[in-house]
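Step one of this worksheet: look at the structure below.
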Amino acid sequence: MNVSLLADSRFTTARRWSLYAGVYALGCAALTALLLSDVLGLFADVVGLPAAVGMPLLATPALVVGALVWWALVERPDAPTYLRGAAFGLLTALLTGALWTAWFVVVWGLEMLAAGPVRLLVGFVLGAVAVAGVLVGLPITYVRRRSRRASAAAATANSL
């Protein structure tokens, strides 16, 4: 078998899994936004998001951020570990939160972010999504590890 073909197939698999991770992160972010909808609904109003689609819009950056973070942390190194999976969830959640915090600053200014209640609200939301992100990163890492083992077993069986 041609080695370059094998490398290309690993690249394709890594890309596919990065896309899966992005979609998974989007779904988990949407669920987290729904669970935190009381607090995030206020945030959505403040930054001018339509009330009907505020929660899904808040989750949307997780699609791109999740795919990129998965690619950088989990797919590029040799083997996915649970520590990298937890880091994927944490970083995806925090970067998504940071994007929306930056949007808040664009709309209202840095002075408003420094106000006591706003700081508390942002800190609470970032803390909640950070915990959720760590927990969310573990199941997809488990599935990815199982997928790699199954692929390796199939490749071994095919070579015999």
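The values are calculated or read from the model by the stated rules, or taken from the named source; none is laboratory data. Here the structure is a predicted model, which means the values were calculated and not measured. In this analysis, Cβ positions are derived from the backbone assuming ideal geometry, glycine residues included, and neighbour counts consider all displayed protein chains. For accessibility, only protein heavy atoms count, side chains too; no ligands or nucleic acids. Shrake-Rupley method; radii C 1.70, N 1.55, O 1.52, S 1.80 Å.
Of R148, R144, R84, R119, which residue is more than 20 Å from A62 (Cβ to Cβ) and in contact (Cβ under 8 Å) with a residue 24 or more places away in the chain? Please lay out each step first, then the result.
Values: R144 fails: more than 20 Å from A62 (Cβ to Cβ); R84 fails: more than 20 Å from A62 (Cβ to Cβ); R119 fails: in contact (Cβ under 8 Å) with a residue 24 or more places away in the chain.
From the options R148, R144, R84, R119, the qualifying one is R148.
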- Item | Identity of the residue in segment 27-40, out of contact with any Ser or Thr (no Cβ under 7 Å at 6 or more places or on another chain) and crowded, with 21+ Cβ neighbours inside 10 Å, that ends up modelled with the highest pLDDT | C28
- Query: Considering only segment 87-116, how many residues are without any contact (Cβ under 8 Å) to a residue 40 or more places away in the chain and not hydrophobic (A, V, I, L, M, F, W, C)?
  - Reply: 5
- Task: For D78, indicate whether it is farther than 12 Å from V129 by Cα and either under 10 Å from the mean Cα position of the chain (by Cα) or in a helix (DSSP H, G or I) (or both).
- Result: no
- Message: Looking at (1) in a helix (DSSP H, G or I); (2) more than 16 Å from the chain's Cα centre (by Cα); (3) within 17 Å of R15 (Cα to Cα), which one does W70 not meet, given that it meets all the others?
- Response: (2)
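Which is open to solvent by 70 Å² or more (accessible area, probe 1.4 Å) and within 18 Å of A30 (Cα to Cα), of V131, V136, V143, V125?
Result: V131 is the single residue among V131, V136, V143, V125 that is open to solvent by 70 Å² or more (accessible area, probe 1.4 Å) and within 18 Å of A30 (Cα to Cα).
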- Residues that are within 27 Å of G85 (Cα to Cα) and open to solvent by 20 Å² or more (accessible area, probe 1.4 Å), drawn from segment 41-64: M55, P56, L57, T60, P61, L63, V64
